[in-house]
Amino acid sequence: ITMDRLAEIFLELQSQGAANINLVTPTHYTDQIIRALDKVKHKLHIPVVSNTSGYERVETLKMLDGYVDIYLTDFKYMENETARQYSAAEDYPERAKEALEEMVRQTGEAVFDQQGMMKKGVIVRHLVLPGCVSDSKDVLEYLWDTFGNQIYVSIMSQYTPLPHVAAYPEINRKVTDEEYEEIVD
């Protein structure tokens, strides 16, 4: 679609009562999204959400400063070896830390409306993996030590191994209730 059409879609979603403009995995379209938002940002009264994996370049995020109201980002791993093994991205922890720091710099502390809907801020998702309780604890400790109450955290338990995960028998199962409760505790 064209940038003009994308801008129209943003306004159409708002007129249909959407709570936000949720841009899912938008990084490779950053330039086009910015150009479309430039056309309608003055008419948008709902937040723009960047829904991302957390593996982002700070330079790209800086381009979005003033365009994104809410970052909904993953923080998958704290251990480089875990990131290498399961995502072929040994540098994931460092990139995610840098990216999250920039996201928080842009949005500051969370802001909510009278109905409790977030209007500005950062939400970090963390998916608990089977057998990775220690890494999950390290992620949560890092988030708390670094950002305290500036961010919101969603601890997710819905990991479901797909057939290709059979190559990794240590995570080829669902997260147990005990593992999840240990992380939540």
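Here is a yes/no grid of residues against (1) over 20 Å from GLU56 (Cβ atoms); (2) over 21 Å from the mean Cα position of the chain (by Cα):
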position	(1), (2)
GLU79	no, no
TYR92	no, no
ALA99	no, no
LYS137	yes, no
TRP144	yes, no
VAL153	no, no
HIS164	yes, yes
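So which residues in the stretch 8-29 are buried (at least 17 other Cβ atoms within 10 Å of the Cβ) and within 24 Å of SER53 (Cα to Cα)?
PHE10, ASN20, ILE21, LEU23, PRO26
I need a count of the residues in the stretch 133-164 that are touching a strand residue (DSSP E or B) at 6+ places or on another chain (Cβ under 9 Å) and without any contact (Cβ under 8 Å) to a residue 24 or more places away in the chain.
Result for the stretch 133-164: 1.
Tell me the residue from GLU94, GLU79 that is modelled with pLDDT of 95 or more and surrounded by fewer than 15 Cβ atoms within 10 Å (Cβ to Cβ), please.
GLU94
Since ASP177 meets every condition but one in (1) open to solvent by less than 70 Å² (accessible area, probe 1.4 Å); (2) of a type in the set (D, E, K, R); (3) more than 30 Å from HIS45 (Cα to Cα); (4) free of Cβ contacts under 8 Å to residues at least 12 places away in the same chain, which condition does it not meet?
(1)
In the stretch 43-57, which residue that is more than 14 Å from ASP69 (Cα to Cα) and surrounded by fewer than 16 Cβ atoms within 10 Å (Cβ to Cβ) is nearest to the chain's Cα centre (by Cα)?
The selected residue is ARG57.
Taking the options ASP69, ASP113, ASP74, ASP65, name whichever one is open to solvent by 50 Å² or more (accessible area, probe 1.4 Å) and out of contact with any His (no Cβ under 6 Å at 6 or more places or on another chain).
ASP65
Considering every residue within the stretch 65-77, establish whether at least one is over 24 Å from VAL124 (Cα atoms) and either touching a Ser or Thr at 6+ places or on another chain (Cβ under 9 Å) or basic (Lys, Arg) (or both).
no
Please specify each residue of the stretch 113-138 satisfying the condition of being in contact with a Leu (Cβ under 9 Å, 6 or more places away or on another chain), assigned to a strand (DSSP E or B) and not hydrophobic (A, V, I, L, M, F, W, C).
Result: ARG125, HIS126.
The values are calculated or read from the model by the stated rules, or taken from the named source; none is laboratory data. Quick caveat: nothing in here was measured; it's all calculated off a predicted structure. Positions of Cβ are generated from backbone atoms using ideal geometry, with glycine treated the same way; all protein chains shown enter the neighbour counts. Accessible surface areas use protein heavy atoms only, side chains included; no ligands, DNA or RNA. Shrake-Rupley method; radii C 1.70, N 1.55, O 1.52, S 1.80 Å.
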